[in-house]
Structures are given as structure tokens and as C-alpha cells.
Amino acid sequence: TGAMNRIAWNCALFVAVGDSNVVNTSPDGRIWTKRTTPVTTTLYGVCFGGGQWVAVGASGTVITSPDGTVWTQRTTGSGSTWTGIAYGNGVYVATTVDGTNRSWYSSDAISWTSVLVDANSWNSIIYANGLFVAVSYDGTNRVWYSTGGVTWTHIAVPAGSWYSLTYGNNLFVAVSYASTNRIMTSPDGVTWTARTAPNSDTWRGVAYGNGVFVAVAYTGVYRVALSKNGINWQLSKAPVLNQWRSVAFGNGTFVSVADSGTDIMFSDFTEFDFT
């Protein structure tokens, strides 16, 4: 499968993207097919919206696909490293970790417009509860939010190297790979509260599905944590201690990808005891 950085689901297909233009697809998280892309750069983010898949990566790379199989390169005019991509309210919004303008938006994923924002390393963005919400692993104000992806409000949140976030059960949950605070939650994407992480693993990915939040870690003893409410967490040791970087829920299953090892892990966690 190759080293993978991010995974997403669109109700029919998992798409995972990674180093050296890697794109892999799977209908169930178990059987995967490697796809050919027109780029050679590393891909860091992927989402589905507006009837198409959009993946982003190094040197301002954007590629699109209607089905996850055939991909087309788009021109952005950016040389930045694009790390996050989300779709909502008819708009695609991307985030970057470097460059002058660290947010870009588009109505079609073909023509892009940049926005000058805080010079943070914005790593992950989602659209949920009527808002785009992005997190950063450095800088002063490490969360930003926007209704349309053009005008942004930046806020100070609990200190942490915030790397990924998700939304479920009327709650935003973000995870961090370092610092004292490694989990934080918000009911609205604006007001955030630090939560106690189950241990000091380097948490890199988080997803919600079937009533459960699942976090995965890049390094550590366990590398999987679960919660019913995003506040109280329990550990569940990963079957393989790969450098897990991203997790998604789809087809009744959580699927996680890593940038080390050859394995992908998946589970529905129905056997897990939350009492």
C-alpha cells in the first residue's frame, strides 16, 4: 500500500493518500487497489464533496477524481505544502503548513483563491455543524473557524500540538501529538476544553462512527484510544505498532493507515467494554 498520510470515506469508498503520489482505494477497508495519478509529489489530505474526490499535497498539488480511480491534476499557482482539505456549504477549503497565504478556497476545486491567515502550521480541517474548523500544531491561536472559508476567526485554545480533528455526537474532538494537553473538545468549534488523554502516545488521527470516537497514534505503547463521549478515554492496543497517522469510519468499520509498515488496521470495536 505504501506510506499513507490521510484516509477518507464517502459512503461507498475509502481513499487513502500518501508519499510519492500514493493513492489507494478500497470499498471495505480490507482489499485495496493502488491508483495512478498525474503527479509525483507527496499527498497529505483528501476529502469527498460536490460529487468528486479532492486530494492535496506538496508544492500546491491538487488532484481531483469523480470516482477515486481516474485523477486529474489542477493548477493552483501555490508552492506551499497543502495538508488539509474539506468541503462544505458549496466550497472546498484547503490549509497549508507553510507559505504566505495558508488558506485557499474554491467552488469547483479547479480555480483557487488564497487567503492571508496566521502563519501557523495548519494541518487538518473539517466542515461540520455549519463551520469550517482547522487546527494547527504551532502558533499562538491554534484553531480557526469560518462559515464560508473566506473570512476567518482565530482563537486561542489549550496548548497542544493539534494535528487532527473530527465531529460526532454534537461534539468536535481534536488530538495532539505532544504537550500536556493531547485531547480537547468543543460543542461548537469555538469554545474548547482540554481533556485528559489516556496516556502520552503521539496522537495523530481521530474519527467518529457508530457512537464511538477513535484516536490513533504515531508512536507509543498502545496507539489506539476510544471514547463514547470524547471526554473519558480508554486504551486499546493496536495489533501492529505502525506509525498510525489517520483513521476514518465507513462501511461499519474504523480503518487506520500509517506511514510505516505494510499493514492497515480495521475494527468495529463492538466487543469493547466501555463500562
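The values are calculated or read from the model by the stated rules, or taken from the named source; none is laboratory data. Quantities reported herein were computed from a predicted structural model and do not represent experimental measurements. Ideal geometry is used to build each Cβ from the backbone, glycine not excepted, and the neighbour counts take in all protein chains shown. Surface accessibility is based on the protein's heavy atoms, side chains included, excluding ligands, DNA and RNA. Shrake-Rupley method; radii C 1.70, N 1.55, O 1.52, S 1.80 Å.
The Cα atoms of the stretch 111-242 cover 43, 30, 27 Å along the three principal axes, with the biggest extent listed first. Full extension from residue 193 to residue 140: what is 0.36 nm times the residue separation minus their Cα-Cα distance, to one decimal in nm? Additional length available on full extension: 17.5 nm.
Binning all Cα-Cα separations of the chain at 5 Å, short to long from zero, yields these whole-percent fractions: 1, 7, 14, 19, 21, 18, 13, 6, 1, 0, 0.
Extension gain, residue 129-residue 229: 0.36 nm per intervening residue step, less the Cα-Cα distance, totals 34.3 nm.
Would you mind calculating the gained length between residue 108 and residue 260 on full extension (0.36 nm times residue separation, minus the Cα-Cα distance), in nm to one decimal?
Full extension from residue 108 to residue 260 adds 51.4 nm.
For the chain, the solvent-accessible area works out to 38 Å² per residue, with a probe of 1.4 Å and every protein chain left in place. Converting phi to 3J(HN,Hα) with the Karplus coefficients 6.51, -1.76 and 1.60 and the offset θ = phi - 60°, the stretch 151-167 yields 9, 10, 10, 10, 9, 7, 9, x, 4, x, 8, 6, 10, 8, 8, 8, 9 Hz in sequence order, with x at every glycine or proline.
Solvent-free Debye calculation, one equal scatterer per alpha-carbon of the stretch 1-129: log10 I(q)/I(0) at 0.14, 0.20, 0.22 Å⁻¹ equals -0.53, -1.09, -1.32.
Sum up the charges of everything whose Cβ sits under 12 Å from the Cβ of residue 210, counting Lys and Arg as +1 and Asp and Glu as -1, but leave residue 210 out.
My count for the surroundings of residue 210 gives 0.
As a fraction of the 1.4 Å probe accessible area of the chain, surface on carbon and sulfur atoms comes out at 47 percent.
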